[in-house]
Amino acid sequence: MTDPTNPKSYSIQLKVRQTTVEYGFVSVLVTEDLFDENGQLDSTKLCQAGLNASVNQPSMKWFIEEQTADMHPVQSVRDDEPVLAVDSDGVLLSESDKWDQTVGMEGDD
């Protein structure tokens, strides 16, 4: 929405990123190659076998543990898709309001 006290309003595009952490369960077949020279199960080899099985398993079921959003460490302008424009309260602007308020960051007038 246009600020009635300011006939010309501006917005700044910020680059954010979302990180999703997922977990899953994998069964590792206990074989001779998972044991060390003392006959003890080698936890490093066991964990590596589990990781290998998880990335090579298309039927692996993953569960979302957490999602976070933060500022991207490299701020840049994306010009291949429309900009999501919000007002100072975080309310999504309509297309007509967006064009009234959005200003490009690379010298656009």
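Once backbone amide H atoms are built at 1.01 Å from N, Phe35 has Asp42 as its partners under 5 Å, excluding neighbours fewer than 5 places away on the same chain. Annotation: amide H-H contacts under 5 Å for Val86 (H modelled 1.01 Å from N, sequence separation of 5 or more, or interchain): Leu93.
Given +1 on the Cβ of Lys and Arg, -1 on the Cβ of Asp and Glu, and no further charges, what dipole in debye does the range 9-89 carry about its Cα centre, rounded to the nearest 20? If you can, show how the numbers build up before the last one.
Details: 5 positive and 14 negative charges, 30 e Å.
Using only the charged Cβ atoms, the result is roughly 140 debye.
Residues whose amide H comes within less than 5 Å of that of Ser11, counting only those at least five positions distant or on another chain, are Val103 (H built at 1.01 Å from N in the peptide plane). Here the 3J(HN,Hα) profile of the range 29-37, calculated from phi with Karplus coefficients 6.51, -1.76 and 1.60 at θ = phi - 60°, is 5, 7, 10, 4, 5, 8, 9, 8, 5 Hz, Gly and Pro shown as x.
Each value in this text was obtained by applying a stated rule to the coordinates, not by laboratory testing. Small disclaimer: the values here were computed from a predicted structure and weren't measured. Cβ sites come from the backbone with ideal geometry, for glycine too, and all protein chains shown count toward neighbours.
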